[in-house]
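Engineer: This structure is in structure tokens; I'll ask about it shortly.
Only the coordinates and a few stated rules stand behind these numbers; no lab work does. Since the structure is predicted, the reported quantities are computational estimates derived from the model, not experimental observations. Every residue, glycine as well, gets a Cβ built from its backbone with ideal geometry; the counts of neighbours run over all protein chains shown.
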Amino acid sequence: MGPDHLGIVRFADLPVIPWHNGGGVTREVVASGASGTPVTSGGSDPQDFDWRVSIADVSQPGPFSAFPGVDRVLTLVEGERMELVIDGVVHVLGLHESLSFDGASRTSCSLPAGPTRDLNVMTRHDRLSAAVAVRDLSETRPVAVSGAQILVLLTGTAVVAGADESQAHLEPLDAVCPSGIHVRLVTGSGRVAVVRIEDHHQTPAQ
């Protein structure tokens, strides 16, 4: 299943994939295959991607799976706090805070305030990089989302509009994943996470 004509991926429609260790579940939002396959949502091979955006429910403390050759950005989208131990160093994440780390690192988490939900972005280290920015939405100043970006509504309500003036409402954790040069404008109230995927080998626009 892929994004609709506005690039919307509905959180409620995403398959739930249990973790092997039983510590949580993952919903894949969107991914691009390592062999140049089209962007998909809901069920790529977890080892066969150039980049991947997912949302994970973490229900108990424990280790993370290792992803050698992959960079990760984790953003806490629900829950008060998550503590990560990465190669022996403790990092504390508050709500809507992000942390970048090497997917090959020895990583585990604890949940001092109970279960959490996180936005997880993975990119192949030798080809791509990613950044996540959490922004406030406005009714008067739209957030523009293009093909190099993915927007996830974290809280509140929003409307996404296309160039043909078609519109659709977003619910929390719905995503906007435009393709190619298409630009989508998102307005509303609440907060969004904007994920930007950058190609190391792409020549910057002049």
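Engineer: Karplus couplings for segment 79-94 from phi (6.51 cos²θ - 1.76 cosθ + 1.60, θ = phi - 60°), rounded to Hz, Gly and Pro as x?
Structural biologist: x, 7, 6, 10, 10, 10, 10, 10, 6, x, 9, 8, 10, 10, 10, x
Engineer: Suppose we keep just the alpha-carbon trace of the chain; what are its Rg and Dmax in angstrom?
Structural biologist: 16.5, 51
Engineer: Here's a follow-up. Pop a pseudo-label 7 angstrom from the Cα along the beta-carbon direction at both residue 60 and residue 157 and give the gap in nm to one decimal.
Structural biologist: If labels sit at residue 60 and residue 157, their model points lie 3.9 nm apart.
Engineer: A follow-up question, please. How would 81, 117 line up from fewest to most surrounding beta-carbon atoms within 10 angstrom? Provide the component values of the computation, followed by the final result.
Structural biologist: Numbers: 81 16, 117 20.
In increasing order of surrounding Cβ atoms, one gets 81, 117.
Engineer: Shifting gears a bit: In debye to the nearest 20, how big a dipole does segment 131-199 give about its Cα centre with +1 on each Lys and Arg Cβ and -1 on each Asp and Glu Cβ?
Structural biologist: 180
Engineer: In Å and on Cα atoms, what radius of gyration and Dmax does segment 104-206 show?
Structural biologist: Rg then Dmax for segment 104-206, in Å: 15.8, 48.
Engineer: Turning to a different aspect of this structure: Go through segment 183-199 residue by residue and turn each phi into a ³J(HN,Hα) via Karplus (6.51, -1.76, 1.60, θ = phi - 60°); whole Hz please, and just put x for glycine and proline.
Structural biologist: Listing the rounded values in order: 10, 10, 10, 10, 10, x, 9, x, 10, 10, 9, 10, 9, 10, 9, 10, 8 Hz.
Engineer: Still on this structure: Provide the gained length on full extension for the span residue 48 to residue 100, in nm with one decimal, where the gain is 0.36 nm per separating residue minus the Cα-Cα distance.
Structural biologist: The span from residue 48 to residue 100 would gain 16.7 nm if fully extended.
Engineer: Whole percent per 5 Å bin, from 0 to the bin with the longest distance: what is P(r) over all C-alpha pairs of segment 8-126?
Structural biologist: So the P(r) values, bin by bin, are 2, 12, 21, 26, 22, 12, 4, 1, 0.
Engineer: Report the percentage of all Cα-Cα pairs in segment 59-119 whose separation exceeds 19 Å, rounded to a whole percent.
Structural biologist: 22
Engineer: Using the beta-carbon distance between residue 83 and residue 166 and R0 = 35 Å, what value does 1/(1 + (r/R0)^6) give for FRET efficiency, to the nearest 0.05?
Structural biologist: 0.20
Engineer: Okay, moving on. Need the full-extension length gain, residue 136 to residue 11, defined as separation in residues times 0.36 nm minus the C-alpha distance. One decimal, nm.
Structural biologist: Extra length available between residue 136 and residue 11 comes to 43.0 nm.
Engineer: Report the charge-dipole magnitude of segment 8-126 in Debye, nearest 20, computed about the Cα centre from +1 at each Lys and Arg Cβ and -1 at each Asp and Glu Cβ. Walk me through the numbers on the way to the answer.
Structural biologist: Working: 8 positive and 15 negative charges, 28 e Å.
Approximately 140 debye in magnitude.
Engineer: Any idea what the dipole of the chain comes to, in debye rounded to 20, about its Cα centre with Lys/Arg Cβ at +1 and Asp/Glu Cβ at -1?
Structural biologist: About 160 debye.
Engineer: From the residues 172, 91, 190, which one has its Cα farthest along the dipole of segment 69-206 in the positive direction, the dipole being from +1 and -1 charges on Cβ of Lys/Arg and Asp/Glu about the Cα centre?
Structural biologist: 91
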